Amino acid sequence: MAKDKILVTGGTGYIGSHTVVELQQAGYDVVIIDNLSNSNRDVLDGIERITGIRPDFVEADCTDISALRKLFDEHKGIRGIINFAASKAVGESIEKPLLYYRNNLNTLMNLLELMPEYGVEGIVFSSSCTVYGEPDENPVTENSPIKVATSPYGNTKQISEEIIRDFVRSGSGIKSVILRYFNPVGAHPSAEIGELPNGVPQNLVPYLTQTAIGIRKELSVFGDDYSTPDGSCIRDFINVVDLAKAHVVAVERMLTGKSQEDVEVFNLGTGVGLSVKELIAAFERATGVKVPHRIVGRRAGDIEKVWANPERANNVLGWKATATIDDTMRSAWAWQLHLRDLGK
Ligand code: NAD
Ligand code: WQD
């Protein structure tokens, strides 16, 4: 018998699709809502090829509350929501702040508003390590200071966390788990799903794999004059399947009454900081493929170094990132090769 029914917003997106796979494999019944603004329908085929189950899919916009009502009316018995749906490009958010505030905040508020009405008990929210800004100390714990956001995108994550806290405290009767992701990378080992960047990738790993395959001429390393051992920035690169699995544990915990507080916050990272240069070396080692790259100037607004203390997630959630960086890089490469086969 299928376990609970879960609504996954943004479920055809990068992290959402990997999470849908893990939810289905854990026995959950999944309904996806996505407006396909940053993903496409083919992702459903990839999910089905991995799990043998085609998730229910509703093409609609979460900022449209009547579309959400229709979804809840037609899919009775949804017990939990995982809210991935959001716009996520930091640079674009600086140019189009209202689009970001409107999309990310209205999506969240619509979902929250309808939860009590439709008896939905809990919501897992995709937050980000961006809330910590440039940390005073690494690794960061969930109690590390929240810094003033440097982009409207980052601000939507901070405001969303506050909105969730206020709504839970208001006596709405719902629960929430806020997950702060570090840098999600890699793809499903089957290479059936992965990250599909729109246009020129802004993030390191998609740019790297597109360079390795010859779509881009060379990878620019943004700065090697930081105060880090090799001068390049340091991040906590977390395998997307490991990340997806944390959502299954979080949903289970939330819906089986194991949460210690009505709003729980967890860092999802490996606990290991890797520099940009180390990541490139890991890719070359793991795949045997060279990545043409060149050191250029710093990218405005970059954080020098940030990595997670994931102990709360390890101890309380009982989740731990297990993939090695070499496996993760091999999965990113296999996905890029798969995209080439598809002519993308
Ligand atoms: P993504 O763009 O691949 O997925 C988001 C999905 O949401 C897309 O399929 C998009 O079409 C959909 N969507 C956007 N607005 C919508 C709306 N109004 N209604 C319905 N669907 C909508 O992004 P992702 O990398 O999978 O990120 C998922 C979540 O995790 C986002 O909230 C993002 O901010 C957060 N996050 C991502 C990262 C990262 O580096 N990828 C890091 C930290 C947090
Ligand atoms: C990683 C490192 C770059 C591209 C962003 C968002 C953050 C979160 C995760 C959602 C940096 C360097 C990159 C390139 C490079 N997203 N780099 N050459 O900046 O850590 O975080 O995604 O919440 O909010 O800001 O990720 O992948 O862009 O960069 O040298 O072509 O790689 O300078 O040091 P970032 P990223």
**Message:** Pairs please, first residue from the range 311-335 and over 22 Å from S17 (Cα atoms), second anywhere and at pLDDT 95 or above and of a type in the set (D, E), Cβ atoms under 8 Å, 6+ apart in sequence or on different chains.
**Reply:** R312/E142; V316/E264
**Prompt:** Got at least one residue in the range 179-202 being assigned to a helix (DSSP H, G or I), touching a Leu at 6+ places or on another chain (Cβ under 7 Å) and over 22 Å from K344 (Cβ atoms)?
**Reply:** no
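Condition check ((1) basic (K, R); (2) more than 22 Å from the chain's Cα centre (by Cα); (3) closer than 23 Å to K157 by Cβ) across all residues:
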| residue | (1), (2), (3) |
| --- | --- |
| V241 | no, no, yes |
| H247 | no, no, yes |
| K258 | yes, yes, no |
| F266 | no, no, yes |
| E284 | no, yes, no |
| E304 | no, no, yes |
| N315 | no, no, no |
| T324 | no, no, no |
**Fill in**
Condition set under 13 Å from A321 (Cβ atoms) and among the charged types (D, E, K, R), scope the range 239-258, selection surrounded by the most Cβ atoms within 10 Å (Cβ to Cβ): answer is K245
**Message:** Looking at V124, V120, can you tell me which residue is touching a residue at least 60 places away in the same chain (Cβ under 8 Å) and assigned to a loop (DSSP other than H, G, I, E, B)?
**Reply:** V120
**Every residue from the range 139-157 that is buried (at least 17 other Cβ atoms within 10 Å of the Cβ) and assigned to a loop (DSSP other than H, G, I, E, B)** = P139, E142, S144, A149, T150, S151
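This table checks each residue for (1) in contact with a Leu (Cβ under 7 Å, 6 or more places away or on another chain); (2) surrounded by fewer than 20 Cβ atoms within 10 Å (Cβ to Cβ); (3) not in a loop (DSSP other than H, G, I, E, B).
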position: I33; (1), (2), (3): yes, no, yes
position: L36; (1), (2), (3): no, yes, no
position: I47; (1), (2), (3): no, no, yes
position: T63; (1), (2), (3): no, yes, no
position: A67; (1), (2), (3): no, yes, yes
position: K76; (1), (2), (3): no, yes, no
position: G80; (1), (2), (3): yes, no, yes
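Okay, residues lined up against (1) modelled with pLDDT of 95 or more; (2) within 11 Å of ligand 2 (Cβ to nearest atom); (3) farther than 30 Å from L44 by Cα:
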| residue | (1), (2), (3) |
| --- | --- |
| P197 | no, yes, no |
| R216 | yes, yes, no |
| E264 | yes, no, yes |
| I280 | yes, yes, yes |
| H293 | yes, yes, yes |
**Request:** Enumerate the pairs (first residue in the range 161-187 and under 17 Å from V120 (Cα atoms) and more than 12 Å from ligand 1 (Cβ to nearest atom); second residue anywhere and aromatic (F, W, Y) and assigned to a helix (DSSP H, G or I)) with beta-carbon separation below 8 Å, excluding pairs fewer than 6 apart on the same chain, so at least 6 apart or on different chains.
**Result:** I174/F167
**Request:** Could you grab me the full set of residues in the range 34-66 that are in contact (Cβ under 8 Å) with a residue 24 or more places away in the chain and among the small types (G, A, S)?
**Result:** S37, S39, G46, A60
**Message:** Testing C233 on (1) within 16 Å of ligand 1 (Cβ to nearest atom); (2) surrounded by fewer than 22 Cβ atoms within 10 Å (Cβ to Cβ), one condition comes back false. Which one is that?
**Reply:** (2)
**Fill in**
Inside the range 91-116, the number of residues satisfying the requirement of being more than 17 Å from the chain's Cα centre (by Cα) and β-branched (V, I, T) is 1
**Asked** Does I65 count as modelled with pLDDT of 95 or more and touching a strand residue (DSSP E or B) at 6+ places or on another chain (Cβ under 9 Å)?
**Response** no
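The values are calculated or read from the model by the stated rules, or taken from the named source; none is laboratory data. Bear in mind the structure is a predicted one, so any value in this text is a computation, not a measurement. Methodologically, a virtual Cβ is constructed for each residue, glycine included, from the backbone with ideal geometry; neighbour enumeration extends over all protein chains shown.
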